[in-house]
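Report on the following structure.
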Amino acid sequence: MLNIGVLVSGGGSNLQAIMDRIESGYLKNVQIVTVVSSKTGVYALQRAQEHGINNTCISRKSFESMEAYDDALIRHFDAHKADLVVMAGFLSILGESFNKFYDKRVINIHPSLIPAFCGKGFYGIIPHRHVIESGVKVTGATVHFVELEADTGPIILQKAVYVEDEDTPESLQKRVMEQAEWEILPEAIKLYAENRLVIEGRRVKIV
Ligand code: GRF
């Protein structure tokens, strides 16, 4: 059984996609042991509550240092025996000790085709606004292993989505979630659970 801990910060549509895929049987031998939010009162926590999943808020603001914040998260996930940590719409940055403790055991979903439209400041609707303004014709989403710097780890899966002439940042965000994010995040977890991911330098091979 693969125990996953999920980090969230908002609506939780990616968390919902994982829960739905576990219930549908697509994700076998995978269970969500805890959901941790960086903010209180977000809908993602309510989704977890409705599914009877342990859930809590551990906010960076409640700690003097990044070290103390990392330590609290490590103790929480470790206490719940999380084997893999999934960042699903998580907007906080994690520090060195967390990345070291969970090295190659943290994955993130980002709403663009990395290395385009990513990094510090590119979250939520912002990547989609830049995509529209730049005039590119294709965007999408990326699942990658997490490293210290935002959106930089080895890429596991990507899925492209065409930009339509009449798109707004909001309509594009919705389609990228529906057609890419909610597909490739559960798929990446499945590949991880089946031990089919091999990291070779900056590349991830699917065996
Ligand atoms: C998603 O586009 C995700 O990629 C980004 O934040 C958005 C909200 O995700 N990081 P969710 O509905 O909270 O899962």
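Sub-8 Å Cβ pairs linking a first residue in segment 1-29 that is at positive phi and among the polar types (S, T, N, Q) to a second residue that is more than 15 Å from the ligand (Cβ to nearest atom) and modelled with pLDDT of 95 or more, at least 6 apart or interchain, are ASN29/MET1; ASN29/LEU2; ASN29/ALA193, ordered by first then second residue. Tallying residues that are outside any loop (DSSP other than H, G, I, E, B), surrounded by fewer than 21 Cβ atoms within 10 Å (Cβ to Cβ) and within 15 Å of the ligand (Cβ to nearest atom) within segment 22-54 yields 3.
Go through segment 161-202 and give me each residue that's without any contact (Cβ under 8 Å) to a residue 12 or more places away in the chain, in a loop (DSSP other than H, G, I, E, B) and either on the phi < 0 side of the Ramachandran plot or within 16 Å of the ligand (Cβ to nearest atom) (or both). Selection gives GLU164, ASP165, GLU166, GLU194, ARG196.
Taking each residue of segment 55-72 that is among the aliphatic types (A, V, I, L, M) and looking for partners that are part of a helix (DSSP H, G or I) with beta-carbon atoms closer than 7 Å, six or more apart or interchain, yields ILE58/ALA72; ILE58/LEU73; ILE58/HIS76. As a summary of the residue check, MET19 satisfies the conditions (1) more than 16 Å from the ligand (Cβ to nearest atom); (2) buried (at least 16 other Cβ atoms within 10 Å of the Cβ); (3) not in a strand (DSSP E or B) except for the one numbered (1).
The values are calculated or read from the model by the stated rules, or taken from the named source; none is laboratory data. All values reported here derive from a predicted model rather than from experimental measurement. Here Cβ is always computed from backbone atoms with ideal geometry, including for glycine, and neighbour counts include all displayed protein chains.
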